[in-house]
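In what follows, a single structure is set out as structure tokens and then discussed.
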Amino acid sequence: MTLQVWTWILVGITFSLYIGIAIWSKASSTKDFYVAGGGVSPLANGLATAADWMSAASFISMAGIISFNGYDGSVYLMGWTGGYVLLALLLAPYLRKFGKFTVPDFIGDRYYSNVARSVAVFCALIVSFTYVAGQMRGVGLVFSRFLEVDINTGVFIGMVIVLFYAVLGGMKGITYTQVAQYCVLIFAFMVPAIFISIQMTDTAIPQIGFGSKGTDGVYLLDKLDRLHRELGFHEYTSGAKSTIDMLFITAALMVGTAGLPHVIVRFFTVKKVSDARKSAAWALIFIAVLYTTAPAIALFSRTNLIETVSNVEYEKMPQWFTNWEDTGLLTFNDKNKDGIVQYLGNTEKNELTIDKDIMVLANPEIANLPNWVIALVAAGGLAAALSTAAGLLLVISASVSHDLIKKMIKPSISEKGELRAARASAVVAVIIAGYFGINPPDFVAATVALAFGLAAASFFPAITMGIFYKKMNKEGAIAGMLIGIVLMLFYMLKFKFSWFGGGTKKDWWFGISPEGFGTVAMIVNFLVAIIISKFTPNPPDKIQELVETIRIPSGVGKAHDH
Amino acid sequence: MSNREGLKKYWRTNLKYLAILLSIWFTVSFLFGIILVDELNTIRLGGFKLGFWFAQQGAIYVFVILILVYIKLMNKLDKKYNLNE
């Protein structure tokens, strides 16, 4: 069977599965819609969190980035997993004890202020929208390459599917589709990895194949280091980034992960505090499966790529090469007109440019794997993008219907009315996300980094101080969040979009890139909040008692009603 | 021991656990994976340079273990102070 037939079959089966689950798990109350009824098992929640968290970026882009950047790519591996330690130890159990439905709920109640709540809603919306646009784009990309439909049609199909199960099932539908999507995406990620690991190293476990010898008896990593030196790239196992930048980017990604609303809300869906801790462990275990495999795939595909194309005649390029040339994501420019592909570190002589995003998708083709494996990767990429998109859309819809309408604009709204509002805002959110998917702003890639920086600069300090620093008051928290966000926005706009006079790498403050600046903004947030809280009145006794109760795990039942 | 004092002790023990676990978290990622990476890279672990291995594999394994240890410690602590649900 051809690749296209296989892809239609696998995508068809997985999509019907998601729709079936959505019909089975229809939400009938706001509690169902926002937190899946609050009784999800830790294992299911761990699976759902893993799918929620691992987006098109983790599935499609990350291994590719590591493949091209080698050691420098480690910031993503450590940053996007280390955040779970912070989540499990500093946030999840306490937020679960607090109960309620959303992150702005916590900020608004803990800091006894609707101003704080509004700032939190604003941040949640910005973070989630920037993120979701990227997911829709990922859906379109997979559709256009593997099913040869127009990229816009791909985005549209993705929209309809997400719309169906997010609007119908809310968090309940999303949770159980995410469980299914995790299974699909991890299977799709692991199968080619295992195949290639056996091909190249005779080991079925990619994590071990990563450090093994190839068929020629040389360690793969040593061989790639040598190839890189010969072709003029920087050595694979050592980096080009400065140590301070590595530190700050890793920290920003970790703290940003722990501050992302769509991840945090997942911990509201379990029954009790100990379940919240357990789901964090399950989540990280499931994520670690992909995250420890990704660098192995990066190594395998980089080696395979160089061996296939470097110094080989253009006429002899395999089918996948021309397929990706058609999409424009791979281009060959025969500068010295010798008909041979020169792939070099020197940009003036280099003749081949490859988009990082195609590495995972092209990898099974490069390794000559059977068509069904390649089709599986397409289905996996869709699962990763859709699961994250749905989680984000829920945060957006809950921010509008719960935090804005129910908590601020019209508290008298009925349960039914709120549920209707939640569904309506989910529809609007899907349409806006789809619009950005079809007409992506040039800055999608840049804004994903901005989303992490924003979460790090705003939510993380406000939430952790809300739990660990009883005397933190509304004045301090609001000032900290606002200054943190504004500083982060300023730095990103200046160095990413050339506003405020722009600037280049040598103008970076302390040599820190915009990607790592979230860490600086977070530290400023902490400092500002603490200093201001010292000069303003303590929070009311009632709030200090609330903090006391958040800190102990027993008595969750009461906290969940509202 | 009054209830209030018990809760204070519970919280202090919790903070102690956090301090220990987070210092390990810092050590394997920021210290071994980034700051000391060149020094550790002189040591080899099979086909890996050790610093590189920590940055792309080891730190992640340790993160998982840290959360599992945390769960164990906290479940025991909750039981001791009768705070388990």
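A compact table of results
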{"item": "In the range B:46-82, residue modelled with the lowest pLDDT [restricted to those that are farther than 22 Å from B:L22 by Cβ and in contact with a Ser or Thr (Cβ under 7 Å, 6 or more places away or on another chain)]", "result": "B:G47"}
{"item": "Cβ pairs under 8 Å, 6+ apart, first in the range A:26-48 and crowded, with 19+ Cβ neighbours inside 10 Å, second in a strand (DSSP E or B)", "result": "A:G38/A:V270; A:V40/A:V270; A:P42/A:V270; A:N45/A:V270; A:A48/A:V40"}
{"item": "Failed item, numbered, when B:L50 is tested on (1) surrounded by 16 or more Cβ atoms within 10 Å (Cβ to Cβ); (2) within 18 Å of the chain's Cα centre (by Cα)", "result": "(2)"}
{"item": "Meets criteria (closer than 28 Å to A:K471 by Cα, touching a residue at least 60 places away in the same chain (Cβ under 8 Å) and in contact with a Phe, Trp or Tyr (Cβ under 6 Å, 6 or more places away or on another chain)) for A:R110", "result": "no"}
{"item": "Residue list for the range B:41-53, restricted to those being facing chain A (nearest Cβ under 9 Å) and outside any strand (DSSP E or B)", "result": "B:N41, B:G46, B:G47, B:G51, B:F52, B:W53"}
{"item": "Positions within the range A:515-562 being within 30 Å of A:K505 (Cβ to Cβ) and at pLDDT below 90, in sequence order", "result": "A:E515"}
{"item": "From the options A:V75, A:V85, A:V115, A:V121, residue that is under 30 Å from B:I20 (Cα atoms) and out of contact with any Phe, Trp or Tyr (no Cβ under 8 Å at 6 or more places or on another chain)", "result": "A:V75"}
{"item": "For A:S274: the one exception among (1) among the hydroxyl-bearing types (S, T, Y); (2) within 9 Å of chain B (Cβ to nearest Cβ); (3) touching a strand residue (DSSP E or B) at 6+ places or on another chain (Cβ under 7 Å); (4) within 30 Å of A:V556 (Cα to Cα)", "result": "(3)"}
{"item": "Subset tally (residues that are more than 16 Å from B:W53 (Cα to Cα) and over 30 Å from the mean Cα position of the chain (by Cα)) for the range A:204-216", "result": "3"}
{"item": "Residue that is nearest to A:F460 (Cα to Cα) [pool: residues in the range A:211-253 that are among the aromatic types (F, W, Y) and in a loop (DSSP other than H, G, I, E, B)]", "result": "A:Y236"}
{"item": "Matching entry among A:A288, A:A283 (being at pLDDT 95 or above, in contact with a helix residue (DSSP H, G or I) (Cβ under 7 Å, 6 or more places away or on another chain), surrounded by 24 or more Cβ atoms within 10 Å (Cβ to Cβ) and facing chain B (nearest Cβ under 10 Å))", "result": "A:A283"}
{"item": "Residues that are more than 7 Å from chain A (Cβ to nearest Cβ) and farther than 17 Å from A:A240 by Cα, drawn from the range B:28-40", "result": "B:V28, B:L31, B:F32, B:L40"}
{"item": "In the range B:54-85, residue surrounded by the fewest Cβ atoms within 10 Å (Cβ to Cβ) [restricted to those that are in contact with a Gly (Cβ under 9 Å, 6 or more places away or on another chain) and more than 7 Å from chain A (Cβ to nearest Cβ)]", "result": "B:N82"}
{"item": "Which numbered condition A:L224 misses (of (1) buried (at least 20 other Cβ atoms within 10 Å of the Cβ); (2) within 14 Å of chain B (Cβ to nearest Cβ); (3) closer than 30 Å to A:I9 by Cα)", "result": "(3)"}
{"item": "Residue in the range A:195-210 that is surrounded by the fewest Cβ atoms within 10 Å (Cβ to Cβ), counting only those that are more than 14 Å from chain B (Cβ to nearest Cβ) and in a helix (DSSP H, G or I)", "result": "A:I198"}
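Yes or no, residue by residue, for (1) among the hydroxyl-bearing types (S, T, Y); (2) surrounded by fewer than 13 Cβ atoms within 10 Å (Cβ to Cβ); (3) farther than 15 Å from A:I244 by Cβ:
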residue	(1), (2), (3)
A:L493	no, no, yes
A:F497	no, no, yes
A:F500	no, yes, yes
A:G503	no, no, yes
A:W508	no, no, no
A:G511	no, no, no
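Listed here are the residues, each with its yes/no results for (1) within 14 Å of chain B (Cβ to nearest Cβ); (2) surrounded by 24 or more Cβ atoms within 10 Å (Cβ to Cβ); (3) more than 16 Å from A:L392 (Cα to Cα).
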{"site": "A:S74", "(1), (2), (3)": "yes, yes, yes"}
{"site": "A:P104", "(1), (2), (3)": "no, yes, no"}
{"site": "A:S113", "(1), (2), (3)": "no, no, yes"}
{"site": "A:L125", "(1), (2), (3)": "no, no, no"}
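The values are calculated or read from the model by the stated rules, or taken from the named source; none is laboratory data. What you are looking at is a predicted structure, and each value in this text was computed from that prediction instead of being measured. When we count neighbours, we look across all protein chains shown, and the Cβ atoms used for this are built from the backbone with ideal geometry, even at glycine.
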